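Just so it is clear, none of the values below were taken in a lab; they were calculated from the coordinates. All figures in this text were calculated on a predicted structure; none of them were measured in a lab. All Cβ positions, even for glycine, are placed from backbone atoms using ideal geometry, and neighbour counts span all protein chains on display.
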Amino acid sequence: MPKYGDLWRMQNNNNQESVFAIQAAAGTGTVNNANPDFVLNFPYNGGPAGCCGFFQPSFEQANSFRTDATGLPLLDGSYNTGVNQLVTDEGVASGSAFTPDAGNLDPRLDHSVGRRGLPYLDHGIHPD
């Protein structure tokens, strides 16, 4: 896809980047035909099941989006250490003030990982 952020938009399902895709339908009268197991993929305390966050990104994955001042990735592994780690809201109470990391980051981060206070895909602002 010409734009990284377009990969996961509903209108682009089964695009040229698709490697493996499952088709499902809801409300057809057949039991379990809408892949109900996918409800486990929603963020913790969100989605139709109210749980589970099984496929949430790791801190290391999110940290790997750190770049140098020119926008190139930190290939020496230092992205996961000290000052290069992303500022997160872990341990910050819901409703408390939080400023997302604004350091040198690959712009694809916010299409891959939801960060508090920033738009995530077509879901709007990612909550506390």
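Just a few scattered comments:
- Label point distance in nm, Leu72-His123, each placed 7 Å from Cα along Cα→Cβ: 3.4 nm
- HN-Hα J in Hz across region 56-63 - Karplus 6.51, -1.76, 1.60, θ = phi - 60°, x for Gly and Pro: 6, x, 7, 4, 4, 4, 4, 4
- Amide H contacts under 5 Å for Leu105, placed H, 5+ residues apart: Thr67
- In sequence order, region 100-116 has phi-based couplings of x, 4, 10, x, 6, 9, 5, x, 6, 3, 7, 9, 10, 9, x, 10, 3 Hz under the Karplus curve 6.51 cos²θ - 1.76 cosθ + 1.60, θ = phi - 60°, and Gly or Pro positions carry x.
- Ranked by the mean number of other Cβ atoms within 10 Å of their residues, highest first, the peptides 76-85, 114-123, 58-67 come out as 58-67, 114-123, 76-85.
- For the listed peptides 11-18, 105-112, a ranking on the average number of other beta carbons within 10 Å per residue, highest first, reads 105-112, 11-18.
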